Amino acid sequence: THLRLDLKGDARLRGTVVHAWCEAVEWMEDGLPDQADLEKRARKEGPGLSLERIREWMTEFKAWMAAPGVRTALSRASYPAGARVEKELPFLHRVPDGILQGYIDRLVVWEEAGTVAGAEVLDFKTDVFEASDPEAVADKVAFYRPQIDAYREAVAGRYGLELSAVTGKLLFLRPGLVKEL
């Protein structure tokens, strides 16, 4: 594997690194991983990355995580007591034209009386777009809606839940924008 340094390749690598960092976050109340842990995760995803580049991305990542909407979405306080986080959860889901497979970035599950009662799918996005433009935001949400809907269906099937018991959120990290679906 060689490191692509063109913008598209760089953006893809950056997204991969940021996802690895997001995966390391359990609950915001517990804080972010320390710098050494973040650097280690970045090197694993991008062995050729310079320390300067990693630290530049890390500074932005920390700012993104500080956005009020993102902090709230990743907070224990936003969910019923005892909710648990599952990260990079693999799934298979039968759809009319075949099998859908993938990984859910973050899934929060909660129980009532020992049975899973609800869940929320959270998907991290590092897209660049004009977040102050309602049409641009609507276009991004529309683009990702089928993905989140498929994740919700897969989670509902896995836990025997009604689809209405599984919500979805897109976390657009750069602008600190959280959109519920």
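Throughout, read-outs are computed from the coordinates displayed, never taken from laboratory work. Every value quoted in this text rests on a predicted model; they were computed, and no experiment measured them. In this analysis, Cβ positions are derived from the backbone assuming ideal geometry, glycine residues included, and neighbour counts consider all displayed protein chains.
For the reader, a short list of remarks on this structure follows.
- Distance in nm between pseudo-label sites at THR59 and ASP10 (7 Å out along the Cβ direction from Cα): 1.5
- Karplus-derived HN-Hα couplings along region 160-173 (A = 6.51, B = -1.76, C = 1.60, θ = phi - 60°), whole Hz, x at Gly and Pro: x, 9, 5, 4, 5, 8, 10, 9, x, 9, 9, 10, 7, 5
- For region 103-146, the residues whose backbone nitrogen is under 18 Å from a point 7 Å from the Cα of LEU163, taken along Cα to Cβ, are 118-122, 142-146.
- Distance in nm between pseudo-label sites at ALA142 and ASP127 (7 Å out along the Cβ direction from Cα): 1.1
- Förster radius 41 Å - calculated FRET efficiency between ASP37 and ASP97 (Cβ-Cβ, nearest 0.05): 0.50
- Under the combined filter of DSSP loop state and at most 15 neighbouring Cβ atoms within 10 Å, region 1-99 retains these trypsin sites (Lys or Arg not before Pro): ARG4.
- Scanning the chain for DSSP H helices at least 27 Å long along the axis (C-alpha atoms) with a Kyte-Doolittle mean no lower than -0.5 picks out 134-159.
- Positive-end ranking of ALA36, TYR144, PHE172 along the dipole of the chain, with charges on Cβ about the Cα centre, is headed by ALA36.
- Net length available on complete extension from ALA24 to LYS44 is 5.9 nm, with 0.36 nm assigned per residue and the Cα-Cα distance removed.
- Size of the chain from its Cα atoms: along the principal axes, largest to smallest, the extents are 49, 38, 36 Å.
- Considering only the chain, percent of DSSP beta bridges that pair antiparallel, nearest 5: 75
- Report summary: the helix-based calculation at 222 nm, which adds -39500 (n - 2.57) for every DSSP H run with n ≥ 4 and divides by the residues of the chain, gives -14000 deg cm²/dmol.
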